[in-house]
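Presented below is the structure to which this report refers.
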């Protein structure tokens, strides 16, 4: 329906521009593509590159009020240098030197930390000190005060996941500074949240109100590993337990509802037996994986990338991905699927 | 509005009777009382009486097809000898001799077992063998096949709770016979359901569909005891964790929803510190307690009853009850609260 | 598993009786039948019998405080003379003479009125006068104050439906007297509830909280008739609109949720074209129909009953029923389906 | 926590850039502001400018496949010329000449049309012709085929609202072409959806499955106007019905749930009595108003704008807005509030 060029038409377009209008017919394909065509691209970040850069930051950049965190965001190459791993998600390596403290603050943005190696840091969430150790998932849902401190003489690095890009583009974020120190330097093995909530199938009678995000803020590696191990054993015994042959997986959930741990971020852990390959899959929304242990590959829109421990990769919306396990292959995964599901935009396609 | 007696009135009443009609004005107070006036009464059954009678049944009554279970129902004294502990609930002592099997069947009625002492029996629920040990709660939600077998040379007794009176009066029940033997005589420490589901905050990715009843069918004493212990420790440390000072409590929940384990029955466990007394309380719906450990008293509509290990008592609808702990006092509780809440009839009154 | 008779066994059974116990093995089939075996029976009440008896009550029985309502309950012949049309439901003919008032009260029990003929009465629900006219459904959800008054010189009769049998057997009911007169004798055409809520797809911004029962308390015949007429026209035009060929039907719903109008009672209206016959159907739970207009038959567990205007019939749980239309055949229906669905006991079977 | 400049630091930053990383500490305030600081700005578009430009398009730009619609998007001056009225919402003037057809297509994006004046166009949604007349709200929820045709000899303009900016930035959109002509050129007064669903409190028994978006796709001015009129009359009579004195308002809802008409877009209609002024208000998320009738003003972040019939204005996230009515003042409103509420980011502030 392209109109012929004319002086009148040019005047019309000028009128649009002057009056802050923009016609649909000149931009339909871009505004409304046949399927999601993200500017974000699939990408792999190697841990062997990320960690040394984080260590260098530890030497050169102090941590404290203002910058708030020594966190280095992964910037999707398609998104113009912004620290967005995808249009919705932030993924960063955070680094805390020996005995350092990252000051307290709170924000609307939902956050988690996942620990690929190390220990010795406690994150203090609304006054409750939460130990961070290898394989643990730790939550900081929106508007909870939180700071971190390293109780040891060795530095520690981990990854942070947040919904910063979503909140920045959609204008939903509030922020508040808290104490410059964390409010409690105790270093208990288990947070109060875990002591109340990490009892399977048991709900404290004092906590009957459902909460938007999980009141259980620490998911320990011991439980995750056992759950995955049992799924594979059950599969060996001939019972339905895995998502696909050789592929065990759990979703981290809010025990008050059985649903996702936070309103915008889904967290999962996947384990593939050696030699397993997943079916190729596309989904609306973006997802990030970190290899926790083992060696394998990810195929992203047809390109195969070898990955091992610590490597992080992103699959943007409708990007096709599959995993291949050279050894037993353990991966932590997070995504924006709760956004897509709650707003009814989720679609997926399995296979060819 | 009582009419004067007359030949015409008597003819009218005869007309009603002949045509299956019954006027409201002669019966309003009974049909619609100012508050619930149950025919069921508060009552205490002593374990020291129940257990010997169960043992005598073990000698005199075989277990098998037809009678199905060697279960002796508690008959509320106000309900005319029927084996109803309340208008909604069934509570029974079940007894299984050495090496005996109770055959498989299934029914619409929701059921659980709670073990006040002993071990050695496995209940096989839809083919999954579930160990029964002291302090455990075991579920058999409606329409799951189940049978029991005793793997030991000693007998075992436990209590059963079901919604039989509700289902019988409301005409909702279906029943089907299964195998005369249980389908699997294996005696694993943990059922497949536990191996999949008893991982706090972790949901198998193969099980994302919410279920009406809990897919976790065994709630182990070890977890219950730890949850209660931690609540009291947290209270000692100055944190909100208990329902009232000195009163720890958990609700058993369906991990797919965070709600009650079955659509009609709520299960809880309560622990009072020595010397603790609960506030007097009334609720719509009926509730049953069994003392698990310790010594104390229950006050039911003003009458104090000393109770200890194994004793069972019922508080009918709107009956006032409170508990007093002479020692540390542990009680298992079940009720029909999900019925009252789902149909919006729940009310409660705390204090005087 | 019947034990042999013996002195010991008799002593055991005596022990049970003395201690308020009752063994399962002597009563399994009755307690847990293979399918619902209600004591309630299918039954038809003829309007030509009901109405004259109601009119006679109008002459002989005053209306007022104490008896509260001149309502004559239908007593299911299987339920021992109690004014229960089924184990859950109450159905009654209520009669109000010229210029009479039925005083205000409120109760936990949910109630509705349906008007098969007549006009001139206003029911005042929480102070809001609601006109009652032929074909209208009027709600009085639990704990709303309500009274009725007849503004005309002619008497009026209608049917009441409540969950009295459920509430009486399950001990959930509270009751409170209100004013002896109704609080407002105004006779507006439309209640305030209708003025706020009877606008299709439009929700008052001042009323965003969902309510347990419908805030719209009057469903007018004009709308019901139009909805059914349109369904049959759409069917004629080749579109999916009816539940089955020749069978139009609507459910009355709570506009804040789209669900049933009250937590325990479902209300529907069905229209069959002349000559239409419905498939035979069984359902868990009981249902009551009143013929509103036309002539036809109901087959209840194999027995055919001719019915016409005003006739009322009940199908208890799992009773098979089907309808046949001799003329266009309009029926109002209510049932306890919300109870069965919310407690997950619903099952149905269509056809042979 | 700004590090001192050094060669090493510069090397570190180079390392970040080369490896697609971007540190948090250089950008915290922008990424995580103290409250939403949208790039979008408050803005008013005058109907007296919009309509002539739309009319000129009608003369100069054909409508048809490719461009799909003769729609002119409002481009928020803060968003770089993109046709985004806000980061989530699209608002456009659409124009259809005499006897023209806009071809059929479908897309994930949710859409509605609101008619400030005119008549004669039918939008055909999934084959169901829906009349468009002054004051009507017409829905095209995601993935419904739709086209429009003008059945008259006069042109017609209206506004379109969609979630295009959200779907484009979040990469969720799919698109499919349909027929070049609309599938049904019939011009009925009422769509089939209305005939099934526009009966207050009555749900077709053939449509018991809840739907993501409203199955009622046309909300007629007659009903909206009556609802608002009644609210003001009820206020006059002393009853709670309006949101604030002199301020009547309705939300358009999905009759299957009572919730918003579509998963991402909320639609409302507001009427202020002459002289009424609303309290100043901020909310997370953006909102657009169109004046339907009357004359008044909007104050957007402290700046007063006089507006009258047809004028459109946008308040971005956390922008303070209030309305003032010079005459009776009728406004159509839409917003992205369902996104903010479903993702738990909603906050609002009333007053100062």
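The values are calculated or read from the model by the stated rules, or taken from the named source; none is laboratory data. The model shown is predicted, which means the values in this text are computed figures rather than measured ones. Note that we place each Cβ from the backbone using ideal geometry, even for glycine, and neighbour counts take in every protein chain shown.
Structure notes:
- Unique residue being more than 29 Å from residue A:237 (Cβ to Cβ) and within 22 Å of the chain's Cα centre (by Cα) when the list is B:154, B:111, B:91: B:91
- Test for residue C:287: is it surrounded by fewer than 18 Cβ atoms within 10 Å (Cβ to Cβ) and modelled with pLDDT of 95 or more: no
- Residues satisfying the stated conditions in segment D:140-183, i.e. more than 17 Å from residue D:73 (Cα to Cα) and in contact with a helix residue (DSSP H, G or I) (Cβ under 7 Å, 6 or more places away or on another chain): D:155, D:172, D:173
- Meets criteria (within 13 Å of chain A (Cβ to nearest Cβ) and modelled with pLDDT of 95 or more) for residue D:170: yes
- Residue ranges of helices (runs of 4 or more DSSP H) in segment C:1-73 with at least 2 members more than 20 Å from residue B:10 (Cα to Cα) and within 7 Å of chain B (Cβ to nearest Cβ): C:7-18, C:28-31
- Scanning segment C:327-352 for residues that are crowded, with 16+ Cβ neighbours inside 10 Å and outside any strand (DSSP E or B) turns up C:328, C:336, C:337, C:338, C:339, C:340, C:341, C:342, C:343, C:344, C:345, C:347.
- Among the residues examined, residue C:130 qualifies as in contact with a helix residue (DSSP H, G or I) (Cβ under 8 Å, 6 or more places away or on another chain) and touching a residue at least 40 places away in the same chain (Cβ under 8 Å).
- Segment A:260-282, residues that are more than 15 Å from residue A:89 (Cα to Cα) and either within 14 Å of chain D (Cβ to nearest Cβ) or at pLDDT below 95 (or both): A:260, A:261, A:282
- Odd one out for residue A:98 among (1) without any contact (Cβ under 8 Å) to a residue 24 or more places away in the chain; (2) surrounded by fewer than 24 Cβ atoms within 10 Å (Cβ to Cβ); (3) on the phi < 0 side of the Ramachandran plot: (1)
- The numbered conditions (1) at the interface with another protein chain (Cβ under 10 Å from one of its Cβ atoms); (2) in contact with a strand residue (DSSP E or B) (Cβ under 7 Å, 6 or more places away or on another chain); (3) over 20 Å from residue D:46 (Cβ atoms) are all true for residue D:132 except (1).
- Residues in segment D:179-196 that are closer than 14 Å to residue D:218 by Cβ and more than 7 Å from chain C (Cβ to nearest Cβ): 7 in all.
- Selection of first residues in segment A:215-232 that are over 14 Å from residue B:190 (Cβ atoms) and of second residues that are assigned to a helix (DSSP H, G or I) and at pLDDT 95 or above, restricted to Cβ pairs under 7 Å at least 6 apart or on distinct chains, gives the following pairs, ordered by first then second residue: A:215/A:193; A:215/A:197; A:216/A:193; A:216/A:194; A:216/A:197; A:217/A:193; A:218/A:193; A:218/A:194.
- Of all the residues in segment A:202-230, those that are buried (at least 22 other Cβ atoms within 10 Å of the Cβ), in contact with a helix residue (DSSP H, G or I) (Cβ under 7 Å, 6 or more places away or on another chain) and over 18 Å from residue A:142 (Cβ atoms) number 2.
- Yes/no for residue A:261 being in contact (Cβ under 8 Å) with a residue 40 or more places away in the chain, surrounded by 18 or more Cβ atoms within 10 Å (Cβ to Cβ) and touching a strand residue (DSSP E or B) at 6+ places or on another chain (Cβ under 9 Å): yes
- Count of residues meeting criterion [within 12 Å of another protein chain (Cβ to nearest Cβ) and surrounded by 23 or more Cβ atoms within 10 Å (Cβ to Cβ)] in segment C:146-167: 6
- Among (1) more than 14 Å from chain D (Cβ to nearest Cβ); (2) touching a residue at least 40 places away in the same chain (Cβ under 8 Å) - the single one residue A:294 does not satisfy: (2)
- Residues within segment C:1-37 that are in contact with a helix residue (DSSP H, G or I) (Cβ under 7 Å, 6 or more places away or on another chain) and touching a residue at least 24 places away in the same chain (Cβ under 8 Å), tallied: 1
- Checklist (1) more than 24 Å from residue B:183 (Cα to Cα); (2) more than 7 Å from chain C (Cβ to nearest Cβ) applied to residue B:95, failing item: (1)
- Checking residue A:103 against (1) within 9 Å of another protein chain (Cβ to nearest Cβ); (2) surrounded by 20 or more Cβ atoms within 10 Å (Cβ to Cβ), the condition it does not meet: (1)
- When we screen D:254, D:199 for residues that are more than 7 Å from chain C (Cβ to nearest Cβ) and either in contact with a helix residue (DSSP H, G or I) (Cβ under 7 Å, 6 or more places away or on another chain) or surrounded by 22 or more Cβ atoms within 10 Å (Cβ to Cβ) (or both), the only hit is D:254.
- Scanning segment C:136-145 for residues that are buried (at least 22 other Cβ atoms within 10 Å of the Cβ) and over 18 Å from the mean Cα position of the chain (by Cα) turns up nothing.
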